[in-house]
1. Does residue A:675 satisfy the condition of being out of contact with any Pro (no Cβ under 8 Å at 6 or more places or on another chain), of a type in the set (D, E, K, R) and within 12 Å of chain B (Cβ to nearest Cβ)?
2. Look at the range A:413-432 and say how many of its residues are more than 23 Å from residue A:358 (Cβ to Cβ) and outside any strand (DSSP E or B).
3. Output the residues belonging to the range A:786-810 that are within 17 Å of residue A:834 (Cα to Cα) and among the polar types (S, T, N, Q).
4. Those residues that are within 24 Å of residue A:684 (Cα to Cα), within 12 Å of chain A (Cβ to nearest Cβ) and crowded, with 22+ Cβ neighbours inside 10 Å, I need them from the range B:86-102; list them, please.
5. In this structure, does residue A:692 turn out to be under 17 Å from residue B:15 (Cβ atoms) and either more than 9 Å from chain B (Cβ to nearest Cβ) or more than 60 Å from the chain's Cα centre (by Cα) (or both)?
6. Just to be sure I understand the filter: pairs with C-beta atoms under 6 Å, separated by 6 or more residues or on different chains, first member in the range A:196-221 and over 26 Å from residue A:286 (Cβ atoms), second member buried (at least 18 other Cβ atoms within 10 Å of the Cβ) and hydrophobic (A, V, I, L, M, F, W, C). Which pairs pass?
7. For residue A:703, indicate whether it is of a type outside the set (Phe, Trp, Tyr), buried (at least 19 other Cβ atoms within 10 Å of the Cβ) and more than 11 Å from every other protein chain (Cβ to nearest Cβ).
8. Given (1) without any contact (Cβ under 8 Å) to a residue 60 or more places away in the chain; (2) in a strand (DSSP E or B), where does residue A:272 come up short, assuming only one miss?
Amino acid sequence: MSRQSLRTMAKTTESLNQVLREEAALRRVATLVTEVAPQAAVFEAVTVEASGLLASAQVQIARVDDPAELDKTIAQIARAAGADCAIGVPIVVDGTTWGTLVAVSTTSEPLAAGSASCLANFSQLVASAVASAQAREEPGGLAEQLGALRRIATLVAQGAEPKAVFTAVAVEAARILGVGAVSLINYDANSGTFTKIFGTHGDRSAVPDGTTWPVADCPEGALAVTTGRPARVDDWTEVPGALAVEHLAQGFGQAVAAPVIIDGSIWGCIAAYGEADQILPPGCETRLADYTNLMATAISNVKARQARDEHRGLAESQGALRRVATLVAQGAEPKAVFTAVAVEAARILGVGAVSLINYDEDTAMFTKIFGTHGERSPVPDGTTWPVADCPEGALAVTTGRPARVDDWTEVPGALAAEHLAQGFGQAVAAPVIIDGSIWGCIAAYGEADQILPPGCETRLADYTNLMATAIANAQVRDELRGLAKQQGAALRRVATLVAQQASPPTIFNAVAGEASRALGVPRVDVGRYHQGGSVILLGSSGQPGRPDDHAFSESEKYVAARVMETRRAARIDDRTTRPAPNVAAADQEEGFRSVVGAPIMVEGALWGVIVVVAGEVLHDDTETRLTDFTHLVASSISNVQARNNLIASRARIVTASDETRRRIERNLHDGIQARVLALGLGLRAVRARFPLPPEVQAGLDEVAHDLEGVLEEIRVFSQGLHPALLARSGLGPSLRALGRRSPVRVNLDVAGDARFPEPVETAVYYVVSEALANAAKHSQAAEVSVTVISDATGVRATVADDGVGGAALGGSSGLIGLVDRVEALGGRFALESPVGRGTTLSIELPLAPQPTDEQPTL
Amino acid sequence: MVTLSCLIIDDSEKFLVSATRLLSLQGVSVVGRASTGDEALRLAAALRPDVTLVDVELGAEDGIEVARRLTSGDLSAMVILISLRDRNELTELLAGSGAIGFLRKDALDAQAVADLIAQWRQGNVAPEPPHDG
């Protein structure tokens, strides 16, 4: 590509960009104009945008009435700016010169070519804005009509008597049109009659208000109601009837009328009567029609409001309160309560939307809790924004009184723009005061064309006061629920640890950690009081390994001592509450800390203390919230103690039964067994000493044989009663002895000759013994494997056969007693016996010191 | 038949009496009886019997340990352990006791004792008692 074409292309690109920038700027200004922005805003936008587009130029707007003065004005502006070069274009409104748009060069260079056309484009926009503003300011123009509408609507909203509203409608119409009188006339299609609702004629009225007459007697109205379009009567002399005569007699002239259409049907008409010498201009009936259309809505609203007010009235407010209060009483979610509050407010006030807004004084931020805007919501629920962005709320929360915003176009900020864009208009807000402090506000937003009457904010405030209690309840319960949820989870986590038989330090560390998390404090310690008043640190949320984590600090000890004295929560908030001798030492040691301690009471007795330490003054509710955690600890301890007591008592039962078996076995061994043995030996001695006749010998042999049988029975019985040699020979030899006795082949794997506590060895022995007996009796197994392994924490024994399976704990298995024995030792018992796939019985017995009620830690 | 001298150690007086009577009638010379380990050692040293019968469960004492003391050192006594219990229950305990054999008490007689001694003399370190299944 040649250099020339590159340059051309660059130039083209640049001019294209310039055009695009200009278009964008014009579009922005045009938007302002079409939105009927205030004239000043349009002017400012024009000067800023045009100055930005024209390099090194400053753009101004000047007022010039006389086209001949244009050049002079432009030159004056250039001189005033000290510029050598200026370009001005005229601003022409409705065919007449209004002013000029002038660009003044800020350098010595002349302004770029094309500046004039750019200015011309902007001048057209300025002209449109001026024309639009003039139209609004014109008598009877849009602005005046809007003003009239606002006044009517205000009356309607205030619940004014229908007569007052209709009077206003007529009066405003007369003023806007600049006519002698206006009548509001109701039309009854069934009877073909008109009824004059109200007229502004005063003394010159042809008929009093309320008069009914045939439609034919009122030609202007007749036309309007039959055609549904505006109508006019230019010459009353042509009209027959008494009314026409009277009309002329009272000095009225031309008349126009427009139908009043409410909810799609013709309600009646509005008629305007000029003075005798007055010419009503050609557009007059159209203007009346426009006005009437506007008013129809107002009249319709009056009807609707009348109906509603008659039927609901105060009951509505009370009904709303009842519904909200019911929700609160039912313990509904706060969101549901807040939703109800906002929805009810929107209904009572008849506004487009209502927001419930929380106010944070510290950060000067609002948070929208809930709004009824639906899809028209400028921001989602939960959004936070600066107080300044919400003028209606800002007023309410800063003054503590109801506030209102009538015109959002005056309010800066994106939210205001969004508010308008979503089609909302006037807004009222009332503060929500809970427990004497400002919680936030409730804001009601009318529709774009809706007028919120003067009393509206007061009604909202009254309603809000009623609701404040409901909101307070919901909020408090929300907090409680949050706390309960939090602590429920904390309790579950701690309880899980307890159930898993975690070591006491683990449990207390967990409690401290949970409290620290829930309270949002850096350090929580759990301690136990001992005799003599000392307190021993059992657990801490602190980082392990920090030097101060092994003991309570001086401040904590001081608080713990106070707790022990008073049996109530105690705190140090500032150094002055600490006794003098402690202050220097403690401060030197640890710096200032706020310390709060709360007692842990277990079954009515002071057991220990939970201490919270923070670098800043702890919140007033710390004691209360801490109490919840002391209860957590206390119940954990109670649970553990109860559980330990249960385990201990089961263990005692097993021990006692073992002792009984041991004693019976010993008695058998030393008593009956020894005596039967002596009998047997004595019999043999007799036989050894005397040669006996064969028949006597046979009798003695039989007795000897029976005695052997008795001894064997006793031996088997004794073996099942108590493993007498277990204590002496240990588990391995005893299990091997069982294996040797078993009719089913036994594969024994007992690692090492380690000795275990007697209850553990006894339990393993009994379980293996019973399992082998069951295998022999029921399993049809060819082989049984017995495995015993152990480590520092426990012993695991498994008896597995290759038999038919299908064994169960109940029935005659004799296993159920073993389950008790194993669980009494804090162990676990498992039986797996799928039909056809053998039986595996396994137990786990802990070897760690068993918690008992004598142990001090837990 | 050479008269066998025998010492019986048991904590049950009734057994001592009936065993002594039986063995004596069967031609064994029961030279002494004791119910404790110390007494057993003293008698064994003084009487030097051919064989000493020791109850495995000697009251509060461990008969196995008593057997070990009798068979070790200068005394080097010949010991047969006796018990009401089955041999199956005691296998591991018997090993290392130094005893030459085991007899269930209800199987006790002179012939059984003599057989154990004969087996041991033939070099049977682990003799099988005749009346034991």
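The values are calculated or read from the model by the stated rules, or taken from the named source; none is laboratory data. Just so it is clear, the model here is predicted, and its values are computed rather than measured. Glycine gets a Cβ as well: all are built from the backbone with ideal geometry, and neighbour counts include every protein chain shown.
1. When the stated conditions are applied, residue A:675 passes them.
2. So the answer is 4.
3. Selection gives A:798 alone.
4. none
5. When the stated conditions are applied, residue A:692 does not pass them.
6. A:209/A:198; A:213/A:194
7. no
8. (1)
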